[in-house]
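Colleague: Let me begin by handing over the structure; questions about it come next.
Every number here is computed from the coordinates shown, using simple stated rules; none is lab data. Because the structure is a prediction, the values reported are computed rather than measured. Quick reminder, even Gly has a Cβ in these numbers, built from the backbone with ideal geometry, and neighbours come from all protein chains shown.
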Amino acid sequence: MNKTLNEKIRILSLSYFLFLVLLMLSGGIGGIWSRVIYYLAFVITAAMIVLLSGKGILPEKKQRRFSYEKLRLTLPTVLPSVALVALLSLLTSFLIRLISGRYQTVDMGDSILTAIISHAILPSVLEEILFRYLPLRLLAPQSKRAAVLISAAAFALVHHSLYSIPYAFMAGLIFMTLDIALDSIYPSLIIHFLNNLLSIIIIFGMPLPLLIALSCLLTLSVGALIRNRKSYAEAI
């Protein structure tokens with residue numbers, strides 16, 4: 001592992017440590033200040049890393065044209081990835097319930113719109129910038145394996161819950177692998193948002209027609225993955 005990569009890993013690791021400290025502080029305060037510190041954790045960490053670009057730590061982003069091929073490969077991965085993450089989540093909850101007898105509870109409030117903004121839109125955008133975009137630019141050019149493992153580990157630890165860490169780690173592996181393979185954070189951004197959105201819809205009550213439509217789309221997506229498996233194997 002070369003000196004440049006070691007330096008980037010150290011900077012990213014220290015930044016993530018700061019982020020975790022701020023999150024723990026946020027969880028211990030409560031009230032409106034808890035949310036303020038929560039969002040500041042993302043902003044401060046990202047700003048710290050971006051400011052390092054002047055020292056040559058963060059490479060200049062190359063301009064990329066829209067690629068129909070990347071979009072064609074991205075779309076079929078969305079629902080199967082969401083289904084896999086959801087399955088891992090259910091399996092984790094079942095095992096913890098079996099061992100400890102405790103149930104996982106999630107408070108989404110009374111408004112589905114507020115829940116979508118606070119639990120789907122903001123987390124997916126902020127977390128993807130921090131845990132996928134920055135590793136994609138910082139680490140992936142030197143070591144794709146380091147980018148995948150560090151990104152997934154940090155993403156899992158941020159969830160700081162026995163219910164969430166196992167499936168969050170697996171989701172992090174899937175998300176970062178897809179992003180590196182397709183050279184974009186759009187795959188993980190779409191999957192992350194849709195995963196959170198579907199969780200909210202399930203909690204508030206999923207309509208049967210939507211469930212049927214998603215099942216049909218999932219079947220078509222799996223068929224597309226199998227049909228284009230050589231393209232995915234080459235990308236990965």
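Colleague: Between Ser215 and Asn6, what is the FRET efficiency for a Förster distance of 45 Å, r being their Cβ-Cβ separation, to the nearest 0.05?
Modeller: The calculated FRET efficiency here is 0.45.
Colleague: Quick one: compute the contact order of the chain, relative version, from alpha carbon pairs under 8 angstrom and 6+ residues apart, as a percent.
Modeller: Relative CO of the chain lands at 24 percent.
Colleague: Rule-of-thumb check for segment 87-187: C-alpha Rg over 2.2 N^0.38 Å?
Modeller: 1.20
Colleague: So what is the relative contact order of segment 114-211, in percent, for Cα pairs below 8 Å that sit 6 or more residues apart?
Modeller: 34 percent
Colleague: Counting helices only, and only those DSSP H runs with n ≥ 4, report the 222 nm mean residue ellipticity of the chain as the sum of -39,500 (n - 2.57) divided by its residues, in deg cm²/dmol to the nearest 500.
Modeller: After summing the helix terms and dividing by residue count, I get -25000 deg cm²/dmol.
Colleague: Okay, next question. Among the lysines in the chain, how many pairs, 8 or more places apart or on different chains, have alpha carbons under 24 Å apart?
Modeller: Taking the chain as the scope, the lysine pair count is 16.
Colleague: Under the rule a/c < 1.5 gives rounded, and otherwise a/b versus b/c splits prolate from oblate, where does segment 183-235 land using the Cα gyration tensor?
Modeller: Note, shape of segment 183-235 comes out oblate.
Colleague: So, one more: What number do you get for the chain when its Cα radius of gyration is normalised by 2.2 N^0.38 Å, N = residues?
Modeller: After normalising by residue count via 2.2 N^0.38 Å, the value is 1.06.
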